[in-house]
Amino acid sequence: MTKRQYGNDLGFNTRAVHVGNDVDDETGAIRRPITMANSYQLPYDPSELNWSSAGGMLYTRNGGCNQYYLQQKLASLEGGEDCIVLASGVAALSGLFFSLLKTGDHVIFSSVTYIAVYRLLNELFKNKFNIETTIADTSDINAVRAAIRPETKLIHLETPGNPTLAVSDIRAIAAAAHSNNILLSVDNTLASPYNQRPIELGADFCVESLTKYINGHGDAMGGAIIGATELLDPIRSQAQVNLGGTISPFNAWLIMRGVVTLPFRMRQHNESAMRIAEFLAAQDCVRFVAYPGLRQHRQHDIAVAQMSPGFGGVMSFGLNADHETHNRFIDKLRIITSAVSLGHDESLIVFIGENDERQYLYPKEFHNGFFRFSVGLEDTGDLIKDLQQAI
């Protein structure tokens, strides 16, 4: 699809700008346009076409050009051979699980994951398709090894994990998985490919919610699966074509635009989050701060080994306070916005109360209510002042 060829010998910044982009043949524009058509011209004799095939210019559910351009860029940035872009992060996760798993298979997944993973594997796939699941503390390699069964097909990690920021050793788990002929998928959303590339650490699949850091502007949804073409082709056929989890051309174009500035945005997220985590950890009224960049983080050494150059822009923290005081703290914030999602240009915070259904899976310090805080691109000093006045 791309006339210009860019190899992985080029730097991350250069590939973020150039891969997937080219001069438009018709207009000479140096940005590829949004192609909103949902159908493409058929060949002279279409009778031999497979109407359910993926990858050809046929119908946007089979694949569209803006999607292809974005896939090229993300595969390059993640260090993978190929990429599938779908309508959301959850579409990517559910498409991965649906395509890989069948009745009788067993899955191990992280005790700390995005809520949709917990819902999909612990409830929907388990109850509807009789797929066995084990929730494991994947930050403990021994717990992962102990959970492996002869019928285990997939290990799914999220590292850092949402919302406790637990870190799992991707290399060690990949070795354990592959020695037992098990596939490994890693949700890399909280780190982004700027800070961590699971494929290069041995994972078979890397999953990204493009809605978060990769888009970075809070205005588009998308999800991606990166891996070897041989592994992705069945997922592309089933999740994209037959389940219909297709990304819109406009969202693909918006994310293509957003990812160009990913490395510059991530530098600011990394730097600000580190300074803010250190500030919060020094406050008497703060009960705990969970951020992989802090030396006191349980898996700090693993994070240092597999995350570079930084630790992302998300942290969790709790106050020495009751439920109502946590809510009053958020109400006093003037710059930081109370809203879900993460990786936006603006800072977002959400209070997770004591009744969270997965609290039993979290470390004890999370049991009395806590905040998940996504640090944005505002001046770091202004964010610290906002936290200070609310405290």
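The values are calculated or read from the model by the stated rules, or taken from the named source; none is laboratory data. Given the structure is predicted, the values throughout are model-derived calculations rather than measurements. FYI the Cβ positions are ideal-geometry reconstructions off the backbone, even for glycines, and counts take in every protein chain you see.
A few comments on the model shown:
- Residues satisfying the stated conditions in region 3-50, i.e. under 15 Å from Val259 (Cβ atoms) and of a type in the set (S, T, N, Q): Asn13, Thr14, Asn21
- Positions within region 32-50 being without any contact (Cβ under 8 Å) to a residue 24 or more places away in the chain and of a type in the set (D, E, K, R), in sequence order: Asp45, Glu48
- Residue list for region 1-21, restricted to those being surrounded by 17 or more Cβ atoms within 10 Å (Cβ to Cβ), closer than 19 Å to Cys65 by Cβ and not hydrophobic (A, V, I, L, M, F, W, C): Tyr6, Gly20, Asn21
- Filtering Gly79, Gly55, Gly28, Gly20 for residues that are in the same structural domain as Asp204 (by TED's automatic domain parsing) and either among the aliphatic types (A, V, I, L, M) or within 25 Å of Leu243 (Cα to Cα) (or both) leaves a single hit, Gly55.
- Neighbours by Cβ (under 6 Å, 6+ apart or cross-chain): first from region 316-335, among the hydroxyl-bearing types (Ser, Thr, Tyr); second not in a loop (DSSP other than H, G, I, E, B): Ser316/Ala290; Ser316/Phe370; Ser316/Arg372
- When the strands (runs of 3 or more DSSP E) confined to region 104-186 are screened for residues that are over 14 Å from Gly202 (Cβ atoms) and among the aromatic types (Phe, Trp, Tyr), those reaching at least 1 such residues are found at 106-110.
- Some residue of region 243-256 being hydroxyl-bearing (Ser, Thr, Tyr), within 17 Å of Glu346 (Cα to Cα) and surrounded by fewer than 24 Cβ atoms within 10 Å (Cβ to Cβ): no
- Residue within region 98-115 that is modelled with pLDDT under 95, surrounded by fewer than 24 Cβ atoms within 10 Å (Cβ to Cβ) and not hydrophobic (A, V, I, L, M, F, W, C) present: yes
- Within region 62-103, being out of contact with any Lys or Arg (no Cβ under 7 Å at 6 or more places or on another chain) and assigned to a loop (DSSP other than H, G, I, E, B) holds for Asn62, Gly63, Gly64, Gly80, Glu81, Ala87, Ser88, Lys102, Thr103.
- Within region 89-138, the set of residues being out of contact with any helix residue (DSSP H, G or I) (no Cβ under 9 Å at 6 or more places or on another chain) and of a type in the set (Gly, Ala, Ser) comprises just one member, Gly104.
- For region 187-206, a residue qualifies if it is on the phi > 0 side of the Ramachandran plot and in a loop (DSSP other than H, G, I, E, B), and exactly one does: Gly202.
- Filter pass, Tyr291 being exposed (fewer than 15 other Cβ atoms within 10 Å of the Cβ) and of a type in the set (Phe, Trp, Tyr): no
- Candidates Pro292, Pro309, filtered to the one that is under 19 Å from Thr380 (Cβ atoms) and touching a Pro at 6+ places or on another chain (Cβ under 6 Å): Pro292
- No other residue among Gly318, Gly343, Gly353, Gly310 is at pLDDT below 95 and touching a Gly at 6+ places or on another chain (Cβ under 8 Å) apart from Gly353.
- The requirement of being acidic (Asp, Glu), in contact with a Gly (Cβ under 6 Å, 6 or more places away or on another chain) and not assigned by TED's automatic domain parsing to the domain that holds Asp386 is fulfilled somewhere in region 202-220, by at least one residue.
- In region 270-307, the residue that is nearest to Ala321 (Cα to Cα) out of those that are assigned to a loop (DSSP other than H, G, I, E, B) and touching a residue at least 60 places away in the same chain (Cβ under 8 Å) is Cys285.
- Considering (1) among the hydrophobic types (A, V, I, L, M, F, W, C); (2) closer than 30 Å to Glu365 by Cα; (3) without any contact (Cβ under 8 Å) to a residue 40 or more places away in the chain, the lone condition that Val207 does not fulfil carries the number (3).
- Consider region 51-69 and keep the residues that are in contact (Cβ under 8 Å) with a residue 40 or more places away in the chain and among the small types (Gly, Ala, Ser). The one that is farthest from Asp82 (Cα to Cα) is Ser52.
- Qualifying residue in region 207-229 (condition: surrounded by fewer than 18 Cβ atoms within 10 Å (Cβ to Cβ) and more than 19 Å from the chain's Cα centre (by Cα)): yes
- In a residue-by-residue description of region 352-364, the property of being buried (at least 16 other Cβ atoms within 10 Å of the Cβ), under 21 Å from the mean Cα position of the chain (by Cα) and in a strand (DSSP E or B) applies to at least one position.
- Selected residue (only one of Ser341, Ser316 is within 24 Å of Lys212 (Cα to Cα), in a loop (DSSP other than H, G, I, E, B) and among the small types (Gly, Ala, Ser)): Ser341
- Criterion (within 28 Å of Asn195 (Cα to Cα) and either among the β-branched types (Val, Ile, Thr) or touching a His at 6+ places or on another chain (Cβ under 6 Å) (or both)) met by exactly one of Val17, Val23: Val17
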